[in-house]
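J.: Right, I'll just put the structure down here and ask away after.
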Amino acid sequence: MKTKAFILKYAKENGIIRSTDVVRERHISRQSAAKALSELVNEGFLLKSGSTRNASYLFIEGRQSAHQEKLRSRPVVHSFKINGLNEDRVFAAISHEVNMRSELSRNAFGIANYAFCEMLNNAIDHSKADTVKVVFGFQKERFYFEVIDEGIGAFNSIQQKFNLQNRLESIEHLLKGKQTTMPDKHSGEGIFYTSKIADAFILENAEERLIIDNKIDDVFVEKMSFLQGTRVTFFCIKNLAEN
């Protein structure tokens, strides 16, 4: 079995794969593993999260060919000063820029609106950062976005607010959907509900990466290189059927 075929089989069976898995199972160099993984990301088979050395790769359902269904367009990327920023206005501007209503079903558009605004609002209210970076893009069957800041960090924020012992306790607290002690600032609650409506949801802060893969109904927590602040990645189907 060729390396790329092995990667796809492993990722499909396990939901996620890392370069260390490829090196260990295929007995090849890290460079060769990284090259094969990068090609599969570009071809639309895998979704990458994290830096190259510590990246995780999620399997994307529904791909037919390595030469079909590539990314339709490059994602839009914007950075904003947080002071005075309004998440609804940002979403409206990006929605217009990428012609989102024509790309997404009505149900998917509503999910994009809710999830994006919740995650950007979290950065505005809780990150204590000066700026925030947002990314929005499409694949043939899915859309994705990222919200990235260099502030206090989501897990650190929850740990402090609820007087928890460490960031792993923060992750446990988040996964249980605990209500916030600050209803008007809902740290944790918005993340919990947003993670439930994604195909894949990734939350990174400091040395912890939380991956919620609802397609296979599984949760992963893994170590990563230190990240100042928070990076959220949200991934969802474009033509979501109406309830």
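The values are calculated or read from the model by the stated rules, or taken from the named source; none is laboratory data. Note that the structure is a prediction, hence the values are computed from the model and not measured. For neighbour counting, all protein chains shown are included, and Cβ atoms are generated from backbone atoms with ideal geometry for every residue, glycine included.
J.: Return the residue satisfying two criteria in turn: it lies in segment 173-187 and is over 17 Å from residue 123 (Cα atoms) and surrounded by 14 or more Cβ atoms within 10 Å (Cβ to Cβ), and of such residues it is modelled with the lowest pLDDT.
T.: Pass one, segment 173-187, residues over 17 Å from residue 123 (Cα atoms): 173, 175-179, 181.
Filter once more, keeping what is surrounded by 14 or more Cβ atoms within 10 Å (Cβ to Cβ): 173, 175, 178.
On the way: 173: 89, 175: 89, 178: 54.
Here the residue is 178.
J.: Can you tell me which of 134, 76, 147 is in contact with a helix residue (DSSP H, G or I) (Cβ under 7 Å, 6 or more places away or on another chain), surrounded by fewer than 20 Cβ atoms within 10 Å (Cβ to Cβ) and not aromatic (Phe, Trp, Tyr)? If you could, list the steps in order and put the result at the bottom.
T.: Values: 134 fails: surrounded by fewer than 20 Cβ atoms within 10 Å (Cβ to Cβ); 147 fails: surrounded by fewer than 20 Cβ atoms within 10 Å (Cβ to Cβ).
Testing whether each residue is in contact with a helix residue (DSSP H, G or I) (Cβ under 7 Å, 6 or more places away or on another chain), surrounded by fewer than 20 Cβ atoms within 10 Å (Cβ to Cβ) and not aromatic (Phe, Trp, Tyr) leaves just 76.
J.: Another one. May I ask you to verify whether residue 226 is farther than 21 Å from residue 151 by Cβ, modelled with pLDDT of 90 or more and assigned to a strand (DSSP E or B)?
T.: On the way: farther than 21 Å from residue 151 by Cβ: no; modelled with pLDDT of 90 or more: yes; assigned to a strand (DSSP E or B): yes.
Answer is no for this residue.
J.: Name the residue that is nearest to the chain's Cα centre (by Cα), counting only residues in segment 91-120 that are within 20 Å of residue 200 (Cα to Cα) and in a loop (DSSP other than H, G, I, E, B).
T.: My answer is 104.
J.: State whether the residues of segment 127-136 include one that is farther than 18 Å from residue 229 by Cα, among the β-branched types (Val, Ile, Thr) and not in a helix (DSSP H, G or I).
T.: No; the residues of segment 127-136 include none that is farther than 18 Å from residue 229 by Cα, among the β-branched types (Val, Ile, Thr) and not in a helix (DSSP H, G or I).
J.: A further question follows. Report, ordered by the first and then the second residue, all pairs with beta carbons closer than 6 Å, sequence separation of six or more or different chains, a first member in segment 118-129 that is surrounded by 20 or more Cβ atoms within 10 Å (Cβ to Cβ), and a second member that is of a type outside the set (A, V, I, L, M, F, W, C) and part of a loop (DSSP other than H, G, I, E, B).
T.: Listed pairs, sorted by first residue: 126/187; 127/151; 129/150; 129/151.
J.: Residue 192 is checked against (1) closer than 19 Å to residue 127 by Cα; (2) in contact with a strand residue (DSSP E or B) (Cβ under 8 Å, 6 or more places away or on another chain) and fails just one. What number does that condition carry?
T.: Exception for residue 192: condition (2).
J.: Go through segment 6-34 and report how many residues are loosely packed, with under 14 Cβ neighbours inside 10 Å and part of a helix (DSSP H, G or I).
T.: Of all residues in segment 6-34, those loosely packed, with under 14 Cβ neighbours inside 10 Å come to 9, 13, 20, 24, 27, 29-31.
After this cut, where a residue has to be part of a helix (DSSP H, G or I) as well, the list is 9, 13, 20, 24, 30-31.
Total meeting the criteria: 6.
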